[in-house]
1. Give me the accessible area per residue for the range A:23-110, probe 1.4 Å, as a whole number in Å².
2. What is the Cα radius of gyration of the range B:1-43 over 2.2 N^0.38 Å, N being its residue count?
3. What is the average number of partner chain Cβ atoms found within 10 Å of a Cβ in B:82-94?
4. Given an 8 Å cut-off on Cα distances and at least 6 residues of separation, report the relative contact order of chain B as a percent.
5. At a Cα cut-off below 16 Å, give the lysines reachable from residue B:95, other chains included and same-chain residues fewer than 8 away excluded.
6. For the residue pair residue B:254 and residue A:226, what label-to-label distance in nm results when each label sits 7 Å from Cα along the Cα-to-beta-carbon direction?
7. Starting with the highest mean, order B:46-52, B:223-229, A:191-197 by the number of other Cβ atoms within 10 Å, averaged over the residues of each peptide.
8. Would you compute, for the Cα atoms of the range A:2-230, the largest minus smallest coordinate along each principal axis and list the three values in descending order, in whole Å?
Amino acid sequence: MSTKIDLFLNVFIDKGGYLKVLEGLRNTLVIAVLGLLIGVVIGTLIATVRVVPKYKRLPRVLNGFATFYVGFFRGTPMVVQLLLFYYVLLPILGVRLSGVTVSIWVFGLNSGAYISEIMRGGIQSVDPGQMEAGRAVGLSFATTMRMIVIPQAVKNILPTMGNEFIALIKETSVVSFVGASDLYVAFNYIGSNTYEFMVPYIVMAVIYIVMVVMITILIRLMERRFARSDR
Amino acid sequence: MEELLRVEGLQKSFGKKQVLNGIDLTVYRGDIVCVIGPSGSGKSTFLRCLNCMEDPTGGKIWFDGEDLADMSVDINRHRQNMGMVFQHFNLFNNKTVLENIMLAPVYTRLHPPKGQPKPSRAQVKEEAREEALALLKRIGLEEKADVYPSTLSGGQKQRVAIVRALAMKPKLLLFDEPTSALDPEMVGEVLDLMRDLAKSITMIVVTHEMGFAREVSNRMLFIDEGRILEEGEPEEFFGNPKHPRLKDFLSKVL
Ligand SMILES: Nc1ncnc2c1ncn2[C@@H]1O[C@H](COP(=O)(O)OP(=O)(O)OP(=O)(O)O)[C@@H](O)[C@H]1O
Ligand SMILES: [Mg+2]
């Protein structure tokens, strides 16, 4: 075992393997964080479309689109979406983007679909009296949504959003399919340099666990901050 | 007498169920109209149609020279002039007491109708803050300015909800059973505030508090099955009711 560790450390430190790991770590975090942000924006918009009263035409059309969107992104695996974007959509559009950029967008679009469902549940869990009170003082539906309902919905769904973020972090392990280097690519590089995969993969697992634990703690802290208005 | 609100043949149905069957009512500035009637008779629906929280399915609601039942009017602007107080208070849970009161005045002043000059943010906030603090002082809750609604008692919540509506300086205030969700010992403080307000603002109050209605209103309405069955000054209305349904109702509640 100790020779295995020596081999690993040799490549990790002396041959600059740690640089690859850092790059992978950065990519993993960048894809997950930006993906989540895009997802929150898209998810909130879609959730709003879903709860808007439907007696006008525009909301109905938007709702139809939202149903299709959510159906597509929840109905296909992330890898398939990445491949479709990178190898089908981009060539058709004639656009060149890096694997990381594509991953950020696909993760954002994908998590937008999941977050819209979470957010819809969150919005529906807010007392309808809150919307009524906002409308009764003359605020528009959109303004009341933004200032009153969504902040309360977000508070309700914070734990679930934390799970979504953790899921995103873990799922970044598929971005190597479109040529983005993440933690898997980094540790695979170290492993193939030494023909020894045991230590690299254990370290990789530990890094993932540490990230997830840290995020879990962060979410606890945020929840506590949000809980002020319950006192 | 200046006419504030005129309701003509107001109808409302939910699907096939007709809840309001043609209601006519004119409200003048300074009126205190109290509405009573059995449960399910359409009192809340009537009140909620007035500011289009429910869209009327027939009739007209004249307010500020426009028909609110016409879906093309800017209802948000009219609601700023027609406050509403709910049975369950509905204070904004994510805002402090002071923010609850300031929110709508600040927002609407920062978003004036097109063409009007936009005032400075700091100035609007400062003004709204001072007005809100003055309102809180009026109800003796200045020290609660920075707490969240969940820490207030029911009576305190409802009094804050009332001054939140007042902060918009409305011409008309609508109350839907403002004391029915309160513990009995808190009803008094809310009625006292309303009694005080009645001197300076026009109100329509749906209530089960017969004593309050009799003392404060200048006009009583009895609604049953979506119709106004009797209307009159409180002395006559309570002392000498004409309609058998009202007689029956009063004999049960008094
Ligand atoms: N959103 C709705 N959808 C369907 N039916 C409704 C709706 N709101 C009210 N109703 C029906 O309309 C009728 C009148 O209801 P409303 O709440 O106006 O009565 P109310 O006089 O306020 O009664 P209460 O004294 O119990 O508050 C009831 O039969 C009620 O079931
Ligand atoms: Mg009612």
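1. On the way: 4830 Å² over 88 residues.
With the other protein chains kept in place, the range A:23-110 gives 55 Å² per residue.
2. On the way: Rg = 12.6 Å, N = 43, 2.2 N^0.38 = 9.2 Å.
Here the Cα radius of gyration is 1.38 times the empirical estimate.
3. Values: counts 3, 3, 5, 2, 4, 1, 4, 2, 10, 3, 12, 10, 14.
Mean partner shielding for this stretch: 6.
4. On the way: 444 pairs, mean separation 67.8, N = 254.
It comes to 27 percent, rounded to a whole number.
5. Cross-link targets: A:155, B:125, B:144, B:157.
6. In this crude spin-label approximation the distance works out to 5.4 nm.
7. Details: B:46-52: 23.1, B:223-229: 19.0, A:191-197: 15.3.
Top of the packing list down: B:46-52, B:223-229, A:191-197.
8. The principal-axis extents, from largest down, are 72, 48, 23 Å.
The values are calculated or read from the model by the stated rules, or taken from the named source; none is laboratory data. Predicted model only: the values in this text are computed from it and were never measured. Note that each Cβ is placed from the backbone with ideal geometry, even for glycine, and that neighbours are counted across all protein chains shown. Heads up: the accessible areas ignore ligands, DNA and RNA and are worked out on the full protein's heavy atoms, side chains in. Shrake-Rupley method; radii C 1.70, N 1.55, O 1.52, S 1.80 Å.
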